[in-house]
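Okay, so here's the structure we're looking at.
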Amino acid sequence: MFSYCVDPKTLEGLMWLSCYVTTAKHMSFYFSFLVVMGLLSLAAPLAMAFGFAGATASRSTFRIIRSLGKGYLAMIRGIPDIVFFLFIPIALDQAFEYLRHKVLCSDVTEPIRQGNDFVVCTAAKLPLNTASEWVHDIYGFSLALLAFGFVFGAFAGNVLSGAMAAVPKSQIETGEAYGFSQSQIFRRILIPQMWIYALPGLSNLWMILIKATPLLFLLGIEDIVYWAKELGGIKTGVYEYPHPDWRAWYFGVLMIFYLSLTYLSQSVLDKISARLSQGQATMAGKAG
Amino acid sequence: MSSCFQTLSDYGLRSIGYGERLLPKTDITLCEQFVLIGSGMIWNIYFAVLALLLGFFFATVLALGKNSNLTLFSAPCRLFIFIFRGSPLFIQFFFAYDLFVLLPRLGFDIDLGFLVVTVETRWLTKAWLGALIVLFFNTSAYAGEIFYGALLAVPSQDLESADAFGFTGIKKFRRIIWPTMLRLAWPSYTNEAIFMFHATTLVFFTGFPAWQQKGDAIYYASYFADKTFNPFVPYPIVGFYFILLTLLIIGFFGLINRRLNKHLPTNERKRLRFNKYNLIR
């Protein structure tokens, strides 16, 4: 990056370090921190949407929708989230390719599952073989994002349905007494009142979401864990900037990154919670 | 059916190194998937049970330490809890593994009287010890925070009554504070135990290598998903095993919960139920 970095072999001390931390690979490493932040900012609303749908479905008057919603909320209690992170991207990928195969290559009669293979025609491949690198990246990231949305949607759904159940019954009955329709009660009474009950759970969920972001590595994304492993490993003399095994240092940096992220989040969430508790008929509300 | 018994005897203990050495590569049957993934569950149970057992005691120490008036005790406990609760377990595994790798390879002799065991630092880079230590620290920190919260919630009247009856020191803690603390913490602690079982699935995806293909349930599941290119069989099998395990945990913790709540009037007792436990960690 700097002009004196042309021949790394001649560098020493701080000069060497300044060149080392500005190599192209390190730039990708720094960029991957932004990827984490991007994932957080996209996964949170997506999970809220999934969760809201799940919580609403689990209260539906239709039995089929209700059991679908309840099943969605319950499965995350029994099955580790990592199973979903491994399963959903492959499953979605195969589902998309299967559908495209059916539509685009309807003339191909051979079965898609041939023994241990999953064969679709070239036109149905996602992303297309001819697509450029960034399309592959975006596609992988989107699948990962959907997996995060699905898993954390189930978590959020549990929190939201608990919060909906915590809204006092008499509030709903009052609505009914005033002749509100079911959807009016839902929109005007239930939803506005549930947030204060949902807040502790949602704050906790945000922290869990932050701590789940390194799982991107499992999904084959070149994230911070990938780069920390790559850059930290032993670099021999062939490499421009040889160094011993520095992985512990790189992961130490990641530890500090996550600790500051959770620390910051916690203090912001505490402020919000104190703010929203003002005037509420709770212990926290009365104390202030 | 008989071939499935054969598979069971071949692969039932494969994850801990007994039985057939080579994993099935072609014509993978449903039975083989069930048996090998079930075999992998041994590791998940090993990690979680030991980490929880050891962590329970360390968590109590951490909670008492954090509650201490002396900064000398409270500061390190706070820091420990903050570090392990504030960072992802995934990163903790990598970080710990890379630290353990850097340790010089030393051997210590521990004289047990009847037997001398040589403890070697290279064991730390193996999953059975290294990952166990990380999981132990992790669950201690989470449970420590839960116990600390419960400690603060112990009713002051209980303490006053204890003083009035002349309870002091260890006896006051053992007879009055500790049982109430546990009772208040138990629903959250059950939740933590379930999360701990689920967290064991991360072990073989981090730095700790699966030596000679001895891995946990999800290690074999992802092996099968790679080999058959069909995720729709192995992952639901893992899910099935874990749901069973979760129900078992809730049943077992429910029994303890019943004992902890025995002295309360029936209408104040709270039961632990699968669809009621909170998901807060």
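Mean-square fluctuations from a GNM of chain B, with a 10 angstrom spring cutoff on Cα atoms, peak among B:Phe34, B:Phe173, B:Phe108 at B:Phe108. Peptide B:202-208 has a mean of 3 when you count, residue by residue, the C-beta atoms of other protein chains within 10 Å of its C-beta. Along the axis of the charge dipole computed for the protein assembly as shown (Cβ charges of +1 for Lys and Arg, -1 for Asp and Glu, origin at the Cα centre), the listed residues B:Val203, B:Gln213, B:Phe84 are led at the positive end by B:Phe84. Database note for the protein assembly as shown: Cys without another Cys beta carbon under 4.7 angstrom, B:Cys77. Hydrodynamic analysis of chain A uses the Kirkwood radius over alpha carbon pairs. Inserted into Stokes-Einstein at 4 °C and 1.567 mPa s, it gives a translational diffusion coefficient of 56 µm²/s.
Sorted from greatest to least, the principal axis extents spanned by the alpha carbons of segment B:28-268 come out as 68, 50, 41 Å. Normalising the Debye intensity of the protein assembly as shown to I(0), with uniform scatterers on Cα atoms only, and taking log10 at q = 0.13 Å⁻¹ returns -1.60. Mean per-residue shielding of peptide B:214-226 is 2, counting Cβ atoms of other chains within 10 Å of each Cβ. Distant-in-sequence amide contacts of B:Glu120, defined by a placed amide H-H separation under 5 Å and a gap of 5 or more residues or a different chain, comprise B:Phe108. Counting, for every residue in B:234-243, the Cβ atoms of other protein chains within 10 Å of its Cβ and taking the mean gives 4. Rounded to the nearest Hz, the phi-derived 3J(HN,Hα) couplings of segment B:47-55 under the Karplus curve 6.51 cos²θ - 1.76 cosθ + 1.60 (θ = phi - 60°) are 4, 5, 5, 5, 4, 5, 4, 5, x, where x marks glycine and proline. Close amide H partners of A:His243, meaning residues 5 or more places away or on another chain with modelled amide H under 5 Å apart, are A:Lys235. Within segment A:161-214, the chymotrypsin sites (Phe, Trp or Tyr not before Pro) that combine a DSSP coil assignment with at most 14 other C-beta atoms in a 10 angstrom radius are A:Tyr178. Loop only by DSSP, 13 or fewer other Cβ within 10 Å of the Cβ. Give me the trypsin sites (Lys or Arg not before Pro) in segment B:24-102 that pass, ordered by residue number. Hits after loop and neighbour filter: B:Lys25. A dipole drawn for segment B:28-268 from +1 and -1 charges on Cβ atoms has a positive end, and of B:Phe94, B:Leu53, B:Leu132 the residue lying farthest that way is B:Leu53. With the largest listed first and rounded to whole Å, the semi-axes of the equivalent ellipsoid of segment B:118-254 from the Cα gyration tensor are 41, 20, 10.
3J(HN,Hα) along segment B:193-202, derived from phi through the Karplus expression 6.51 cos²θ - 1.76 cosθ + 1.60 where θ = phi - 60°, amounts to 4, 5, 4, 5, 4, 5, 5, 5, 5, 7 Hz, with x in place of Gly and Pro. So if I average 1/r over every pair of distinct C-alpha atoms in segment A:57-131 and take the inverse, what Kirkwood radius in Å does that give? Mean inverse Cα-Cα distance, inverted, gives 15.1 Å. With N the number of residues in segment B:1-154, Rg(Cα) / (2.2 N^0.38 Å) evaluates to 1.38. Overall, the ratio between the Cα radius of gyration of segment A:1-133 and 2.2 N^0.38 Å, rounded to two decimals, is 1.70. Counting only Cβ charges, +1 for Lys and Arg and -1 for Asp and Glu, the dipole size of segment A:23-173 around its Cα centre is about 620 debye.
Our coupling estimate for segment B:3-17, obtained by passing each phi through the Karplus curve with A = 6.51, B = -1.76, C = 1.60 and θ = phi - 60°, is 5, 6, 5, 4, 4, 4, 6, 6, 10, x, 10, 4, 5, 10, x Hz, Gly and Pro reported as x. Here is the size of segment A:100-229 from its Cα atoms: Rg then Dmax, 23.0, 63 Å. Computed from point charges on the beta carbon alone (+1 for Lys and Arg, -1 for Asp and Glu), the dipole magnitude for segment B:28-268 about its Cα centre is near 360 Debye. Counting other Cβ atoms within 10 Å as a rough exposure proxy, the listed residues A:Tyr258, A:Tyr30, B:Tyr220 run A:Tyr30, A:Tyr258, B:Tyr220 from fewest neighbours to most.
Just so you know, all these numbers are worked out from the coordinates, no wet-lab data involved. Everything quoted here is computed from the prediction, not taken from an experiment. Heads up, the Cβs are rebuilt from the backbone with ideal geometry, glycines too, and the neighbour counts pull from every protein chain shown.
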